[in-house]
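Below is one structure, written out as structure tokens; comments come after it.
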Amino acid sequence: MSNVEKLENNVVSFEFVVTADQFEDAIQKAYKKNVGKITIQGFRKGKAPRAIIERYYGKEVFYEDAINIALPDAYDKAVEENNLYPVDRPEVDVKGEIKAGSDIVFTAKVTVKPEFELGEYKGVEVEGAHYAVTDDDVDAEIEKLRERNSRLVPVEDRPVQADDIANIDYEGFVDGVAFEGGKGEGFDLTIGSGQFIPGFEDQLVGRNAGEEFEINVKFPEEYHAEELKGKDAVFKVKINSIKFKELPELDDEFVQDVSEFETLDEFKKDTREKLTAANEEREKNENEHSVVDAVCANTQIDIPEAMINSQIDTMIRDMDMQLRYQGITLEQYMQFTGQTMDAVREQYKPEAEKSVKTTLVLEKVADVENFEITDEDVENEYNRICEENGMKPEDVKKYISVDSIKERLKAQKAIEFLVNNANIK
């Protein structure tokens, strides 16, 4: 094998060899793979000897398949021995003649991970995040719990008022013509929620169940539907029923119903502790992001487009999966939003580039600081994933490789190292 030649844009070129013995072994494998498809007079189908087939069709008959068999292993071995980290498919060409009994030399060009030096990564200064828990925060959290435990009470003796839930039928018209998406039946509208365009909910206040009437509104100039922007509209509305949300009394009895505590004071104390723990985790995450971002900003990397495109591919696959959970396909989403795949990819590019750079920087920190991941570390991480997802170790290991676990743990160690060595104000 020749020395690796560095070309432009993180591309390297090198030669590697499929030896005569390796090629002979690959030809034999190609023969066994194809013999069942070959018929030669005087032999049963699939029983013709290799020498007869080569005499009949020419010695080169199995060369193409043999190269496809032998080349990947030879390429991978050359990549490993040269300590290369390809990030894209290689361009491979044969150098010279292909014939049995001779070594075959190949040339390869491939984009590899970029080489770079870390900028300042110890002692970076960042503004630390801090989130204190106030009495209002505690009250708001308990209020959410009261909301979840509320009940809807029918209203029969008064008109609609703020915060009521009005069940309505409605149909909207612009210039006397009904418009698409402007009709609904049996819709529960919370007055003051801002679900409808400005002015709509206000005109329900003071109306009684059973009333039918018209509402006059104007669509905002920045409305999402182009054909409705700034247009005057009339809605025909009928109020079917009115309800209001009745919250439980905030007392010891309520606390006993919804928790393991006996008194409101105990429950408030526990709520404060949980909010404090959540805020501390939020502070930790934000400080980690700030420190890593600062280190990345100090480091210059010429990132190959192949790495960015690969990350965009991953992000689009994740997006596709999330959309399918919601019951629509990626193609339908693009139709709804009027976007093209090129536009989606361009939209993701800055985030993808940042993600790739962060990964490269953390890998470099782990390498420079010589972090080691033990077998015990890997096993503990597998066990943690199993506990979190309720899966068996053998199932997790089918989907997450040991190398992937090691990379993840090294990145975590790198983040901890950078934070511990940072100046967080």
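Sorted by mean Cβ packing within 10 Å, highest first, what order do the peptides 135-141, 337-343 take?
Working: 135-141: 13.4, 337-343: 10.1.
The packing order, highest mean first, is 135-141, 337-343.
Can you give the charge dipole size of region 44-125 about its Cα centre, rounded to the nearest 20 debye, using +1 on the beta carbon of Lys and Arg and -1 on the beta carbon of Asp and Glu?
Roughly 980 debye for region 44-125.
Could you compute the FRET efficiency for residue 116 and residue 150, with r as their C-beta to C-beta distance and R0 at 41 Å, rounded to 0.05? Write down the numbers at each step before the final one.
Details: r = 57 Å, r/R0 = 1.39.
Between residue 116 and residue 150 the formula returns 0.10.
Per residue, what accessible area does region 129-172 have, given a 1.4 Å probe and all protein chains present, in Å²? Kindly include the intermediate steps, with their values, before the conclusion.
On the way: 2710 Å² over 44 residues.
Here the per-residue accessible area is 62 Å².
If you roll a 1.4 Å probe over the heavy atoms of the protein chains, what accessible area per residue do you get for region 3-104, in Å²? Write down the numbers at each step before the final one.
Details: 6910 Å² over 102 residues.
Ligands and nucleic acids excluded, the result is 68 Å² per residue.
Using a ≥ b ≥ c from the Cα gyration tensor of region 259-388 (square roots of the eigenvalues), is it rounded, prolate or oblate, where a/c under 1.5 gives rounded and otherwise the larger of a/b and b/c decides, a/b for prolate?
The shape class here is oblate.
Straight distance only, please: which aspartates and glutamates reach the Cα of residue 236 with their own Cα at less than 14 Å, same-chain residues fewer than 8 apart left out?
Partners found: 169, 171, 175, 185, 201, 211, 212, 214.
Considering only 130, 355, 140, whose Cα is most displaced toward the positive end of the charge dipole of the chain, charges sitting on Cβ of Lys, Arg (+1) and Asp, Glu (-1)?
Most positive-ward Cα: 355.
Straight-line reach only, C-alpha to C-alpha below 26 angstrom: list the lysines that residue 243 could link to, leaving out same-chain residues fewer than 8 apart.
Hits, sequence-local ones excluded: 144, 183.
FRET efficiency for residue 241 and residue 141, Cβ-Cβ distance as r, R0 = 22 Å, nearest 0.05? Could the numbers behind the result be given before it?
Working: r = 31 Å, r/R0 = 1.43.
After rounding to 0.05, the efficiency reads 0.10.
Hey, in the GNM for the chain with a 10 angstrom Cα cutoff, which one of 301, 142, 239 fluctuates hardest?
Result: 239 has the largest fluctuation of those listed.
Expressed as a whole percentage, what fraction of the accessible surface of the chain belongs to carbon and sulfur atoms when a 1.4 Å probe is rolled over the protein heavy atoms?
Result for the chain: 45 percent of the exposed heavy-atom area is carbon or sulfur.
On a straight-distance basis, which lysines could pair with residue 77 in a cross-link, Cα separation under 23 angstrom, same-chain partners fewer than 8 positions away excluded?
Residue 77 reaches 6, 29, 95, 99, 109, 113, 406.
Ranking request for peptides 290-299, 206-215: highest mean number of other beta-carbon atoms within 10 Å first, then the rest in descending order. Can you show the working numbers first?
Details: 290-299: 19.0, 206-215: 13.5.
For the peptides 290-299, 206-215, the packing ranking is 290-299, 206-215.
Taking 0.36 nm per intervening residue step and subtracting the Cα-Cα distance, what contour gain separates residue 263 from residue 8 on full extension?
Details: separation 255, 0.36 × 255 = 91.80 nm, distance 7.06 nm.
Stretched out fully, the residue 263 to residue 8 stretch lengthens by 84.7 nm.
Where a ≥ b ≥ c are the square roots of the eigenvalues of the C-alpha gyration tensor, would you call region 143-285 rounded, which needs a/c under 1.5, or, failing that, prolate if a/b is larger than b/c, or oblate? Could you put the intermediate results ahead of the total?
Working: a/c = 4.07, a/b = 1.79, b/c = 2.27.
Judged from the Cα gyration tensor, region 143-285 comes out oblate (a/c at least 1.5, b/c at or above a/b).
If the chain between residue 171 and residue 322 were fully stretched, how many nm would it gain, using 0.36 nm times the residue separation less the Cα-Cα distance? Let's see the in-between values first.
On the way: separation 151, 0.36 × 151 = 54.36 nm, distance 3.26 nm.
Once the chain is fully extended between residue 171 and residue 322, it gains 51.1 nm.
Sort 410-417, 279-286 for me by packing, meaning the mean count of neighbouring Cβ atoms within 10 Å per residue, highest on top.
410-417, 279-286
Hey, with R₀ at 41 Å, roughly what FRET efficiency would residue 336 and residue 161 work out to, going by the Cβ-Cβ distance, to 0.05?
Working: r = 37 Å, r/R0 = 0.89.
E(calc), rounded to 0.05, equals 0.65.
Roughly how big is the chain's charge dipole about its Cα centre, with Cβ charges of +1 (Lys, Arg) and -1 (Asp, Glu), in debye to the nearest 20? Write out the running numbers ahead of the final one.
Details: 54 positive and 95 negative charges, 641 e Å.
Value, rounded to 20: 3080 debye.
Which one of 310, 289, 75 is farthest out on the positive end of the charge dipole of the chain, using unit charges on Cβ (Lys, Arg +1; Asp, Glu -1) and the Cα centre as origin?
Of 310, 289, 75, it is 75.
How big is the gap, in Å, between the Cα center of region 18-93 and the Cα center of region 189-267?
The distance from the Cα centre of region 18-93 to that of region 189-267 comes to 72 Å.
Under the rule a/c < 1.5 gives rounded, and otherwise a/b versus b/c splits prolate from oblate, where does the chain land using the Cα gyration tensor? Write down the numbers at each step before the final one.
On the way: a/c = 2.62, a/b = 1.82, b/c = 1.44.
In terms of gyration-tensor shape, prolate.
The values are calculated or read from the model by the stated rules, or taken from the named source; none is laboratory data. Given the structure is predicted, the values throughout are model-derived calculations rather than measurements. Neighbour counts run over all protein chains shown; Cβ positions are idealised from the backbone, glycine included. Heads up: the accessible areas ignore ligands, DNA and RNA and are worked out on the full protein's heavy atoms, side chains in. Shrake-Rupley method; radii C 1.70, N 1.55, O 1.52, S 1.80 Å.
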